[in-house]
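**Student:** Next up is a structure, given as C-alpha cells.
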Amino acid sequence: MNEIQNRISRIGVVPVIKLTNPARDAAPLSDTLCAGGVPVAEITFRAEGADEAMNIMVQRHPEMLVGAGTVLTADQVDRTIAAGGQFVVTPGLDVELVRYCQKKGITCFPGCTTPTDYHAAYRLGLEVLKFFPAEQSGGLAKIKAMAAPFGMFKVMPTGGISLKNLAEYAACPIIAACGGSYMCPDRLITEGRWDEITELCKKSVEIVKEARG
Ligand code: 3PG
C-alpha cells in the first residue's frame, strides 16, 4: 500500500460526504471530523463545488487526507488535483480513468465487486479497491470469497455500512477501511449539528479499534 492507502487504513473509516453549501459547511465539517478522530473526507461530486469544499478543508487542516468521490470524468480528476485532493474514488472500474489517475500520480480507489473487475484491477497494478455497493453486492461473505483467488487486494467497502455492521467489516483483515455516508448525514450537515457528527466519528473509531483488537 502507498502512503495515502496506509493513512486511510490507519484511520479505519472514510466518511462519504455530499456538501451542497461548501462555503458555509466545509470549514466547520473539517474541524468536526478532526475533533472526532477521523481526519479524512471523501467529498463526492454528487454536488457541484466538491473541489471548492476539498480546497477549503486542506487549507484549514493540512494534516487531513481529503479526496473526491463519485468521480466519473478526467475533468473531475483534474479539479481534485487542482483543489489539493489526494485521492479519487470512482463508483465503478473505468480502466481509462484509472490510467488517467496513474498518469497524474493520484491514488485511485475504483469500485469493484466482480471477478471481472478484480481481473482488470490486477492488470492495472492496483492494491486497494473500493468494494461498492458492499452490502447490496454480497457484503463480507462476497469480499471473503473474492479474496480466495485475489488475495493480493485490500478493499474499502462502501454502501450500506453503519454503526450496526461496522465491527464485522473492520475485524476482517481484507478490509483496509470502511466507507460510508452514515457519519455525515445530509441533515446533520445542513442543520449544523456538528457535535452529533463528532460523536458518530468517535464511535466509529472506537468500534474499528476494538474490532481490530
Ligand atoms: C458511496 O458513494 O460510497 C455510497 O453511496 C455510500 O454508501 P452509503 O450511503 O450506503 O454509506
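The values are calculated or read from the model by the stated rules, or taken from the named source; none is laboratory data. Quick caveat, the model's predicted, so the values are computed rather than measured. Positions of Cβ are backbone-derived with ideal geometry, glycine not excepted, and every protein chain shown enters the neighbour counts. In case anyone asks, the SASA skips ligands and DNA or RNA and just uses the protein heavy atoms, side chains included. Shrake-Rupley method; radii C 1.70, N 1.55, O 1.52, S 1.80 Å.
**Student:** Give me the distance in nm between label points sitting 7 Å out from Cα along the Cα-to-Cβ direction at residue 193 and residue 23, one decimal.
**Tutor:** Going by the 7 Å Cα→Cβ label model, 2.7 nm.
**Student:** Follow-up. What is the Cα centroid distance between the range 93-131 and the range 199-213, reported in whole angstrom?
**Tutor:** 28 Å
**Student:** Given just the C-alpha atoms of the chain, how large is their convex hull per residue in cubic angstrom? List each step's numbers first, then the result.
**Tutor:** Working: hull volume 21.9 nm³, N = 213.
Cα convex hull per residue, to the nearest whole number: 103 Å³.
**Student:** Below 25 Å Cα-Cα, how many Lys pairs turn up in the chain? Only count pairs eight or more apart in sequence, or on different chains, if you could.
**Tutor:** Close lysine pairs under the 25 Å cut-off: 29.
**Student:** Between residue 167 and residue 52, what FRET efficiency comes out of the Förster formula 1/(1 + (r/R0)^6) with R0 = 35 Å and r the beta carbon distance, rounded to 0.05?
**Tutor:** With R0 = 35 Å, the Cβ-Cβ based efficiency is 0.50.
**Student:** Would you work out if the range 3-79 is rounded, prolate or oblate? Take a ≥ b ≥ c from the square roots of the eigenvalues of the alpha-carbon gyration tensor; rounded if a/c is under 1.5, else prolate when a/b is larger than b/c, oblate otherwise.
**Tutor:** Judged from the Cα gyration tensor, the range 3-79 comes out oblate (a/c at least 1.5, b/c at or above a/b).
**Student:** Nearest 0.05, what FRET efficiency do residue 78 and residue 9 give at R0 = 25 Å with Cβ-Cβ as r?
**Tutor:** The calculated FRET efficiency here is 0.40.
**Student:** Give me the accessible area per residue for the range 59-129, probe 1.4 Å, as a whole number in Å². Show your work: numbers first, answer last.
**Tutor:** Values: 3180 Å² over 71 residues.
Solvent-accessible surface per residue comes out at 45 Å².
**Student:** Please work through the chain and write down the cysteines that have no neighbouring cysteine Cβ at a distance under 4.7 Å.
**Tutor:** 34, 112, 172, 178, 184, 201
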